[in-house]
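A short write-up of the structure that comes next.
The values are calculated or read from the model by the stated rules, or taken from the named source; none is laboratory data. Just so we're clear, the structure is a prediction, and the values are computed from it rather than from any experiment. Reconstructed Cβ throughout: ideal geometry from the backbone, glycine too, with neighbour counts over all protein chains shown. For accessibility, only protein heavy atoms count, side chains too; no ligands or nucleic acids. Shrake-Rupley method; radii C 1.70, N 1.55, O 1.52, S 1.80 Å.
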Amino acid sequence: MSKTPFEPMRHALNGPTMGTRWSALFYTPAATDPEPIRDALAESVDIVDRQMSTWKPDSDLMRINHAPIGTWCSVPRELMEVLVKGLEIGRLSDGAFDIGMGDIVTAWGFGPQEADTQAIRAMLGKARAPTHDTLKLDTDALKVCKCSPLTLDLSGIAKGYAVDRMMAVLGRFGITDALVGLDGEMRACGARPDGQAWTIALERPDYEARAPLSVIELADAAVATSGDYRHWVEAGGKRLSHTMDPACGGPLRDTPASVTVLAKTCMEADAWATAFMVSGQQKSEIWAKRSGLNAVFIYRDSDKFRQSHI
């Protein structure tokens, strides 16, 4: 039996971007054409990719990275918004989250290029000023200036921002109940047709396979996870995470298996998940209380996993 024009129709849209896929689950009246919504969602994430990718040599972010020190560079509004939030969380986290780790990420082979052993040796243990002290932003003129050598990398915040942009797109189409995501970053608004909160899986931090560990209910909130189990390198017989520690100039060591953060926006959840991985649970509890965040830390305990909530 066909639906009437007023009965809710379920839409599950998705598409490729940033080496992964975006997704959107929502309901509309049966007569709604989903194709304009699909196109707008795809364009919203593609804008983020074009502006903020380190894998695209002509992205706006790479243009800043290649610019001479002391030169003011014009940037799009979207990129400025992410830079502002990135520096803000950098300050609030005492530098645990730092968007200026691009040279270290590249040296360890987590970018488009192969690992560079000589560059790794040069950076390990080397003190460096936090990016929030070395990058100037003129938010009114939409311009950016580096005060010292600096390579920006927004991989710890850009995907979360893209998720927020998808939710904003749905809002412009009058959609108030939805779940959108990009890789492990998710944001929900409203509820399912039965009035229940949206449910998402908290992933088991397994090196070999993807499987759920538990379930989180999400209502008018966002969630993002940072972990050591998806991207790593092996050195000295040990797996080293792709998340970099600004204090040592290299990959994190002896970290939680994963940290999942719940926040109002996905951009914030994304960045804070990285900061919490870097800082550990004790400091994170202080920042979470100040910023109104919740988090789940997962630790490996022999062949089991242990969860701790803040």
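Under 5 Å between amide hydrogens, which residues at least 5 positions from residue 245 or on another chain qualify, with H placed 1.01 Å from N in the peptide plane?
Here the answer is 250, 252, since their amide H atoms fall under 5 Å of that of residue 245.
When ligands, DNA and RNA are left out and all protein chains stay put, how many square angstrom of accessible area per residue does the chain have with a 1.4 Å probe? Intermediate results must be reported in sequence, preceding the final value.
Values: 15160 Å² over 310 residues.
It amounts to 49 Å² per residue over the chain.
Report, to the nearest 10°, how far helix 35-52 tilts away from the longest principal axis of the Cα atoms in the chain, using its own Cα long axis and a range of 0 to 90°.
In the chain, helix 35-52 runs at an angle near 10 degrees to the longest axis.
Quick one: longest stretch of the chain between exposed loop GluC sites (Glu not before Pro), exposed meaning at most 10 other C-beta atoms within 10 Å and loop per DSSP? Don't jump to the answer; show the numbers that get you there.
Details: sites that count: 114, 208.
Longest run free of exposed loop sites: 1-113.
Just to confirm the number: angle between the C-alpha axis of helix 77-92 and the first principal axis of the chain, 0 to 90 degrees, nearest 10?
60 degrees
Once both axes come from the Cα atoms, what is the angle between helix 281-291 and the longest principal axis of the chain, in degrees from 0 to 90, rounded to 10?
Around 60 degrees separate the two axes.
Report the local net charge at residue 101: Lys and Arg +1, Asp and Glu -1, summed over other residues whose C-beta lies under 11 Å from its C-beta.
Numbers: positive: 128; negative: 98, 103, 153, 245.
Taking every other residue near residue 101 into account, the sum is -3.
Based on DSSP H runs of at least 4 residues, each adding -39500 (n - 2.57), what is the mean residue ellipticity at 222 nm of the chain after dividing by all its residues, to the nearest 500 deg cm²/dmol?
On the way: 9 runs with 98 residues, N = 310.
Estimated from H runs of four or more residues: -9500 deg cm²/dmol.
To the nearest 0.05, how large is the calculated FRET efficiency for residue 20 and residue 113 if R₀ is 25 Å and r is the Cβ-Cβ distance?
Working: r = 20 Å, r/R0 = 0.80.
After rounding, the FRET efficiency stands at 0.80.
What does the net charge come to around residue 299 if you take all other residues with beta carbon closer than 13 Å to its beta carbon, with K and R at +1 and D and E at -1?
Numbers: positive: 204, 300, 304, 306; negative: 228, 254, 301, 303.
Here the charged neighbours net out to 0.
How much of the accessible area of the chain, probe 1.4 Å, is carbon plus sulfur, in whole percent?
Details: 7570 of 15160 Å².
Result for the chain: 50 percent of the exposed heavy-atom area is carbon or sulfur.
Once amide H atoms are placed 1.01 Å from N in the peptide plane, what residues at a sequence separation of 5 or more from residue 294, or on another chain, have their amide H within under 5 Å of its amide H?
262
How do the peptides 10-16, 156-162 rank, highest first, by the average count of neighbouring beta carbon atoms within 10 Å per residue?
Numbers: 10-16: 13.3, 156-162: 28.7.
Result, highest mean Cβ count within 10 Å first: 156-162, 10-16.
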